[in-house]
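Asks: Can you read through this structure? Questions will come right after.
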């Protein structure tokens, strides 16, 4: 075998090795990505809480909400179940039928909380006086004229699926 044939054969073997190795790597990478990123359990869950409050009671409502609900979300964030949350309030006014006063967008790590990290469990941990907790939360609900929880998702406009 002359040196030209040896070089050509070596180049072909190198190309083949890269092709086979690259495909194996790509296949392994794709299966890893699919199993860790695209499975429903690994995807974050985004929920939007929307509240409309009785006129004249926004301050009282928000103080109770902050005391309990935001404290619970913050603790869930420390524990890792809640990845982030953002509280929104409108900057201007709108029609009564479209009016909302607070929106809270929550990104959770999974659809279900791990043991000890659900809203009820965290509330019991943070607020041992459960009678007071229920009484003040009931007051917040008395001041709420409309509320809904809406699971939402991010839309990728250029995605194929």
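The values are calculated or read from the model by the stated rules, or taken from the named source; none is laboratory data. Just so we're clear, the structure is a prediction, and the values are computed from it rather than from any experiment. Backbone-built Cβ (ideal geometry, glycine too); neighbour counts: all protein chains shown.
Asks: For residue 94, only one of the following conditions fails: (1) within 15 Å of residue 53 (Cβ to Cβ); (2) without any contact (Cβ under 8 Å) to a residue 12 or more places away in the chain; (3) in contact with a strand residue (DSSP E or B) (Cβ under 9 Å, 6 or more places away or on another chain). What is its number?
Replies: For residue 94, the failing item is (3).
Asks: Return the residues of segment 108-130 that are under 30 Å from residue 91 (Cβ atoms) and touching a helix residue (DSSP H, G or I) at 6+ places or on another chain (Cβ under 7 Å); say none if nothing qualifies.
Replies: Scanning segment 108-130 gives a single hit, 119.
Asks: Do we find that residue 133 is within 23 Å of residue 79 (Cα to Cα), touching a residue at least 40 places away in the same chain (Cβ under 8 Å), in contact with a helix residue (DSSP H, G or I) (Cβ under 6 Å, 6 or more places away or on another chain) and crowded, with 16+ Cβ neighbours inside 10 Å in this structure?
Replies: So residue 133 does not fit the description; no.
Asks: Can you tell me how many residues within segment 82-107 are more than 13 Å from residue 70 (Cα to Cα) and either assigned to a loop (DSSP other than H, G, I, E, B) or in contact with a helix residue (DSSP H, G or I) (Cβ under 8 Å, 6 or more places away or on another chain) (or both)?
Replies: Going through segment 82-107 one residue at a time, the tally reaches 11.
Asks: Return the pair list, or none, for Cβ contacts closer than 7 Å from residues in segment 138-149 that are over 14 Å from residue 102 (Cβ atoms) to residues that are part of a helix (DSSP H, G or I), at least 6 apart or on different chains.
Replies: Cβ pairs passing all conditions: 139/64.
Asks: So, one more: In segment 109-120, is there at least one residue being in the same structural domain as residue 61 (by TED's automatic domain parsing) and in a helix (DSSP H, G or I)?
Replies: yes
Asks: Could you check segment 121-130 and list, in sequence order, the residues that are farther than 26 Å from residue 100 by Cβ, in contact (Cβ under 8 Å) with a residue 24 or more places away in the chain and in a helix (DSSP H, G or I)?
Replies: 125, 126
Matching residues to (1) at pLDDT below 95; (2) buried (at least 16 other Cβ atoms within 10 Å of the Cβ):
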position	(1), (2)
94	yes, no
97	yes, no
102	no, yes
126	no, no
137	no, yes
